[in-house]
Amino acid sequence: MNLKMKVNYLLYHYFAKKLPPSNIQPNIGQKKIRYFFAKSLISHMGKNVNIEQGSVFTRDLIIGDNSGLGINSKVTRGVEIGDNVLMGPNCFLCTESHEFERTDIPIIQQGFKDVKSIKIKNDVWIGQNVIILPGVTIEKGCIIGAGSVVTKNIPEFSIVGGNPAKIIKKRDKSDNF
Ligand SMILES: CC(C)(COP(=O)(O)OP(=O)(O)OC[C@H]1O[C@@H](n2cnc3c(N)ncnc32)[C@H](O)[C@@H]1OP(=O)(O)O)[C@@H](O)C(=O)NCCC(=O)NCCS
């Protein structure tokens, strides 16, 4: 990390991240301020991205045009988010997991499994308090209901809910679900 990135990192975490949510009035340009500092810290950030108050991400994040990270949401290494993706508050996109094969030593001493990337395709709405587990791909046009825990890939235009998340209905009416 060069000096400019270190300064931006500090300004994002100790200033921009703490500004009010993007749609709160009076608007002091908090969305643009967060965008400015986050852009230099993120591998690819599209146009008009909404990095919300309190959100945490890693440098390898890829996020497309008009998408966002929800208030207090967290994404770990290896996450790819397409265009026009909405994310509610308190979501957790988790690509990491602990090793736990052995029983003769504590889990804390067993290290981590390999990162399994998460892909969110275009035009997806992720509701509030959603958890998406390692290796999951959510295809285009899906809605992930509030409070869902997504453990498996979700086919396009599905509306899912629950823990583990199951298909509730399809947006694509031609699909005979
Ligand atoms: C997923 C969602 C969009 C579905 O809305 P809908 O199409 O109007 O669905 P309905 O209310 O008709 O519910 C259909 C069925 O799914 C169930 N269901 C709806 N949302 C659910 C959820 N989040 N988790 C589990 N089940 C859910 C309902 O209980 C109902 O079950 P039933 O058929 O057995 O009675 C909506 O419920 C939701 O979770 N929205 C997210 C809201 C949110 O997080 N907003 C803030 C962030 S931007």
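The values are calculated or read from the model by the stated rules, or taken from the named source; none is laboratory data. What you see is a predicted model; the values in this text were computed from it and never measured. Here the Cβ positions follow ideal geometry from the backbone for every residue, glycine too, while neighbour counts run over all protein chains shown. In case anyone asks, the SASA skips ligands and DNA or RNA and just uses the protein heavy atoms, side chains included. Shrake-Rupley method; radii C 1.70, N 1.55, O 1.52, S 1.80 Å.
Of all the residues that make up the range 59-104, how many are among the aromatic types (Phe, Trp, Tyr) and within 17 Å of residue 130 (Cα to Cα)?
Selection size over the range 59-104: 1.
When the residues of the range 130-165 are narrowed to those that are outside any loop (DSSP other than H, G, I, E, B) and near the ligand (Cβ under 8 Å from one of its atoms), which ends up surrounded by the most Cβ atoms within 10 Å (Cβ to Cβ)?
Of all residues in the range 130-165, those outside any loop (DSSP other than H, G, I, E, B) come to 131-132, 137-138, 143-144, 149-150, 154, 158-161.
Adding the requirement that they be near the ligand (Cβ under 8 Å from one of its atoms) leaves 143-144, 159-161.
Numbers: 143: 21, 144: 28, 159: 17, 160: 22, 161: 19.
Restricting to residues being outside any loop (DSSP other than H, G, I, E, B) and near the ligand (Cβ under 8 Å from one of its atoms), the top hit is 144.
Considering only residues that are farther than 20 Å from residue 19 by Cβ and assigned to a loop (DSSP other than H, G, I, E, B), look in the range 53-62 and name the one that is nearest to the ligand (Cβ to nearest atom).
It comes out as 58.
Looking only at the range 32-53, which residues are of a type in the set (Lys, Arg) and open to solvent by less than 70 Å² (accessible area, probe 1.4 Å)? Break it down into steps so the answer makes sense when it comes.
First, the residues of the range 32-53 that are of a type in the set (Lys, Arg): 32, 34, 39, 47.
Listed by number, the list holds a single entry, 34.
Collect the residues in the range 117-129 that are more than 13 Å from the ligand (Cβ to nearest atom) and open to solvent by 60 Å² or more (accessible area, probe 1.4 Å), keeping them in residue-number order.
Listed by number, the residues that qualify are 119, 121, 122, 123.
Residues in the range 20-31 that are open to solvent by 20 Å² or more (accessible area, probe 1.4 Å) and in a helix (DSSP H, G or I): how many?
Adding up the residues that qualify gives 1.
Take the residues in the range 77-116 that are among the hydrophobic types (A, V, I, L, M, F, W, C) and in a loop (DSSP other than H, G, I, E, B); name whichever of them is surrounded by the fewest Cβ atoms within 10 Å (Cβ to Cβ). Show your work before the answer.
To start, the set of residues in the range 77-116 that are among the hydrophobic types (A, V, I, L, M, F, W, C) comprises 79, 81, 85-87, 91-94, 100, 105, 107-108, 112, 115.
Filter once more, so that each one left must be in a loop (DSSP other than H, G, I, E, B): 85, 91, 94, 100, 105, 115.
Details: 85: 24, 91: 24, 94: 17, 100: 10, 105: 8, 115: 17.
For the range 77-116, the residue satisfying everything is 105.
Using the structure shown, decide if residue 62 is touching a strand residue (DSSP E or B) at 6+ places or on another chain (Cβ under 9 Å) and touching a residue at least 12 places away in the same chain (Cβ under 8 Å). Walk me through it before giving the result.
Values: touching a strand residue (DSSP E or B) at 6+ places or on another chain (Cβ under 9 Å): yes; touching a residue at least 12 places away in the same chain (Cβ under 8 Å): yes.
For residue 62, the condition - touching a strand residue (DSSP E or B) at 6+ places or on another chain (Cβ under 9 Å) and touching a residue at least 12 places away in the same chain (Cβ under 8 Å) - is met.
Only one residue in 33, 28, 63 is within 25 Å of residue 4 (Cα to Cα) and modelled with pLDDT under 95, so which one is that? Explain how you work it out, then say what you get.
Details: 33 fails: modelled with pLDDT under 95; 63 fails: modelled with pLDDT under 95.
Answer to the check: 28.
Just one of the numbered conditions (1) part of a strand (DSSP E or B); (2) open to solvent by less than 60 Å² (accessible area, probe 1.4 Å) is not true of residue 65; which one?
Residue 65 satisfies all of (1) part of a strand (DSSP E or B); (2) open to solvent by less than 60 Å² (accessible area, probe 1.4 Å) except (1).
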